[in-house]
1. At a threshold of 8 angstrom on Cα-Cα distance, excluding pairs fewer than six apart, so keeping six or more, what relative contact order does the stretch 656-957 reach in percent?
2. Please give the charge dipole size of the stretch 403-478, origin at the Cα centre, charges +1 on K and R Cβ atoms and -1 on D and E Cβ atoms. Round to the nearest 20 debye.
3. Can you give the charge dipole size of the stretch 73-160 about its Cα centre, rounded to the nearest 20 debye, using +1 on the beta carbon of Lys and Arg and -1 on the beta carbon of Asp and Glu?
4. In this model, which of Lys602/Lys965; Lys487/Lys658; Lys725/Lys965; Lys417/Lys502; Lys269/Lys773; Lys895/Lys950 are farther than 23 Å apart at the alpha-carbon?
5. Using just the C-alpha positions of the stretch 656-957 as equal point scatterers, what log10 of I(q)/I(0) does the Debye formula give at each q in 0.09, 0.11 1/Å?
6. List the relative contact order of the stretch 827-890 as a percent without decimals, with contacts defined as Cα pairs under 8 Å and 6+ residues apart.
7. Per the Cauchy relation, a quarter of the hull surface: what is the mean projected area of the convex hull of the alpha carbons in the stretch 73-160, in nm²?
8. Determine the shape class of the stretch 222-509: with a ≥ b ≥ c the square roots of the Cα gyration tensor eigenvalues, call it rounded for a/c under 1.5, and otherwise prolate if a/b is greater than b/c, oblate otherwise.
Amino acid sequence: MNFAKHVLVMLVLFISAKHSSSLDTSHPGQLLNGEVFPLDKRKSSEVTQQLGDTPISYSDKGLHNANENTSIHVSEIPNEYIVVFDGYYTQSDRKNYVEEAMRSMYISDKQWGIMPRFNPAQKFPSDFDILQVHPKIKAKDILTKLTHHRIKSISTQKLVHCNMLSFNENDARPDIQNTNESHLIRKSRQLSVNNERHMNKLSLKSHSRAPLKAIPKQGQITQLLQAPRLWESGYTGKGVNVAIFDTGLPVNHPHFKNIKERTDWTDEKTADDGLGHGTFVASVIGGSYQDCPGLAPDADLFIFRVFTNNQVSYTSWFLDAFNYAILKKMNILNLSIGGPDFMDQPFVEKVWELTANHIIMISAIGNDGPLYGTLNNPADQMDVIGVGGIDYNDNIARFSSRGMTTWELPAGYGRLKPDIVTYGSTVRGSGLHGGCRSLSGTSVASPVVAGAVALLLSSTKEKTNRQLINPASVKQALMESAERLPKANMFEQGQGKLDLIKAYQVLNFYEPQISLVPSYLDFTECPYMWPYCTQPLYYTGIPVTANVTIINGMGVVGKIKSPPVWHPYAMQNGDKIQVSFSYSEVLWPWSGYMALSISVKKHAANWEGIVQGHVELTVTSPRSQERVLLTEDNAEEQTSVVKFFIKVSVIPVPPREKRILWDQFHNLRYPPGYFPRDNLKMKNDPLDWNGDHIHTNFHDMYQHLRTSGYYLEVLGQPFTCFDAKNYGQLLIVDPEEEYFPEEITKLQKDVLDGLNVIVFAEWYNTSVMAKVKFYDENTRRWWMPETGGCNAPALNSLLQPYGIALSDRVYDGDFTVAGHEMYYASGTALAKFPKGSFVMQENLRDQGGEVVTGHEAALIKNVPILGLHEIPMKRAGRLAVYGDSNCLDSAHMTKDCFWLLDAILQFTNKGTISPSLKSTHTGSFIESLPYPVSDAGELPKRMDGNHLFKFSKVLESHLGEPRAKSVPQCLNVSWTVGVVLNETSPLYMWERQRILSVEIGDTAPLRHINSAGNYKQQNVPQIDSVSLDSVYAHKFRAFFHGLFLFFALLIVYFLFRRSLNRHRRRWSPRLLLRCCFLWFNALRSKISGSHDQWQHDVTIHSKYKPKTPHAREVRTSQIRSLISPSSNFVKPNLHDLHSV
């Protein structure tokens, strides 16, 4: 027995030693250079090294000031991982958990370490650690095999590098409509190409100037938002804790009087601002300098320095700083940063935790406008207030990013963002060394809203509705009170322009409830309801999806009590459509979603008209103890019911040739993989991250096709999931995904049955891909593209049955076709095309050769770039292939080719070639391509070691020859059974949802602050639904108020009766009773918010009439003015009332 034990022990030791030796060939516990774990060699001097000879600079599409630019990249740190735990633990406990997990993988204690963090949060428990391991240990093993019951997730550590090249103290003037600002971007990757001779600097676009609205010279933003009205009432932000995450703040800056704490979370050991960005942002929120005052000058500012003077940060720095903000009980947190990486899991989850702890996070939506689908994270999260920018003429600023969100693509549809917009152009704030300066951008608009929210929090009523302040209620108040801009759609302005005074009124009469964003759906309301208002519904169309955000003001946690109920209106053709739902059963934190799919029923195939109805949604939230004490309501839950009104335009089924199906399923984008831009000359924005959707970066093409009478539908599933008999064209543009073999077979059958296929391709060349990879000196890691501009090898597999193939050459150049100027931007060429087809050829530059060799591009003659092929079979479809998609993509479009798309559609629909193509000498019918395939370019091959499978919906996860998964089943929509209502839509159906118990007016008086009016956050539990003064209590007060006024009128009547008799004027008791009746209805209207009944009562009950019609009209208007609900219960003058 002892011998067996010894053998077993020896075997275990042998296996452990064998495993360790396979991981490390050097001494245990040391790196190859002999340094011992844990190792922290991240110094700012190293981070500033350029990635290659010339860094690619970031700009905002020609909108930036010439003296201010930004260079950004984000990359992963090799051998460093963020280990997130399921709770907050001490440092020793966290280390024990990691040690147990590492031992389970037989990794020696000398081959890993926990990196120390020297910041103010180090003495507190934490929910994460930074794990550093030996380079020989594979990242895949750490990310997938390192497990422990206390470890929640593991992800790579990320580095952020943002170079703000200069700050010009006078960089913005009031007469310049759009100027860019130094916008800190957290997760945008910056590429550096090994050979950049082929990269030209992006030329700045010129923009016309227009007269601007006159603005105050001093404190322009504060006066435009009417902040002095709140200041005069005693509300200045006092007692509100505001956290500012930025570049720091100089010590003893003269423009600030309430700096409570400055903390440094970087490795530079200073909280001073060396750039000026953080100083400017802090001054907009809480500055006290009279020439450029902040909105909340008495707010308590907490400065978090999370970027170094070299604009470097790490995800772990943010996580530590966020934890500290929770510990310090911040009320508001401003983030004038952002980026496209919404898949940075530790960061996104920490933002959820922040808002769950009642911290109101306000973030810039991004400076990537005017493109759609360019929202930045975290502003695109449902629990965060995302802020866009406008100018002083109430136009959406050109630099402001537009919606929709792209998280949900390809199968779903994006959410509505931004939430609100405010002034972000030429805003004045403090300079780094004193004085005032002007900047523009959504980084400026974000602190404007943060300062406004600080004012609002300091103005809330004591005891009661302070308990109601949470991220959801504040967001509801801002959105409900926002002023809608008439010329902008919902993906540009969200709910509208910030209105500080109305937001004050909303918040101080707030009742906990849920609200929806958008609050209704109207296919007839343009431009606000773009794109829904641009295309009606019809039978056999792919269901249209609306992604509605649910905001839960009752508590951080809620749940949808039962499935949403669809109520079609019988009197308004509600039976013509059907509705389906998918939704988040649990709402956390403060929010969730409800996605509606709408389709037309078969019996309405030839019907045209308007359909109306509404969806009813019920949400419950746990009732907190504070809520019970305030309302004396012992119910365990509080419930809120909301209606989502729908108004849909339906038309008969369009002709097949007018219906285009857009392939969304085969588009991939960043994040998570490195998918390069289609145009290799684009330095400033090298990632393909806009979603490639007809409502994002292809929205201009969409608008053109709709204007031309075509109907576009989006396919978010494989080709096996659509009925080709319904469509004239399948439009495939810039695909990065592979194809299932079943898709290739099915498409071949569909083409033979009459489906036309239009392809706009892009470049793919492994040598060029190897050149546009970049090596990060900071992380010592190579970044390799997952595809080229598109996945040409996959496209060739799809087109192979028709004898069509794309080459691996990359071309660019300008040319003219029939008077149309064209630019071929990093496109490919045709390598094979069927005999007898029409092919257009042009003289272009060999851009691929220039990238690979570094020599000047040679001019190549007669490059085949467009092919039109008609299959010689009865009723068969036609195919059109063009080698470049940049002329359709709004992201970096130089010259559009919409005319070419029209010509291609003319060919696919009618079989006739446009005269514009036939008239040119470059287009002709061919017997074969002018030269062999070897001259045109080899067929593109997939890159060895490619990791596309990590991000593919088609490929199995393994290296080597790509192998397709089983084709997924098609989504079967389960249509809900509607509960028909025999009614019509109410008059308020298309107004934004009201969250008030009383009406608000433009001139409502402001309450003056009392001695105890400072706002302080209470120790509120996470699951919270506390109330302010109950609306029911408010109604009772209004009732007794009216009763008191009634008796006061009776007393006045008896006191003045003799005086009135002496003037020989008849005072009828009936008149007094009628006036009291009207007054009661006025009070009731003020409580319920309904003016219709008030107007009705004034008309019906005015039987005491003068003799002439003119006198009767005068009397009615005078009575209305005396006892109107807008009179704020002011006691009327009885002499004036009797004289009517």
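Every number in this text was worked out from the coordinates using simple rules, so none of it is lab data. Quick caveat, the model's predicted, so the values are computed rather than measured. Cβ placement follows ideal geometry from the backbone for every residue including glycine, while neighbour counts extend to all protein chains displayed.
1. Computed over the stretch 656-957, the figure is 20 percent.
2. 200 debye
3. Here the stretch 73-160 has a charge dipole of around 140 debye.
4. Too far apart for the 23 Å limit: Lys602/Lys965; Lys487/Lys658; Lys725/Lys965; Lys269/Lys773; Lys895/Lys950.
5. Debye output, listed in q order: -0.40, -0.61.
6. That works out to 35 percent.
7. Mean orientational projected area (the stretch 73-160, Cα hull): 5.9 nm².
8. On the way: a/c = 1.29, a/b = 1.08, b/c = 1.19.
Since a/c stays below 1.5, the shape of the stretch 222-509 is classed as rounded.
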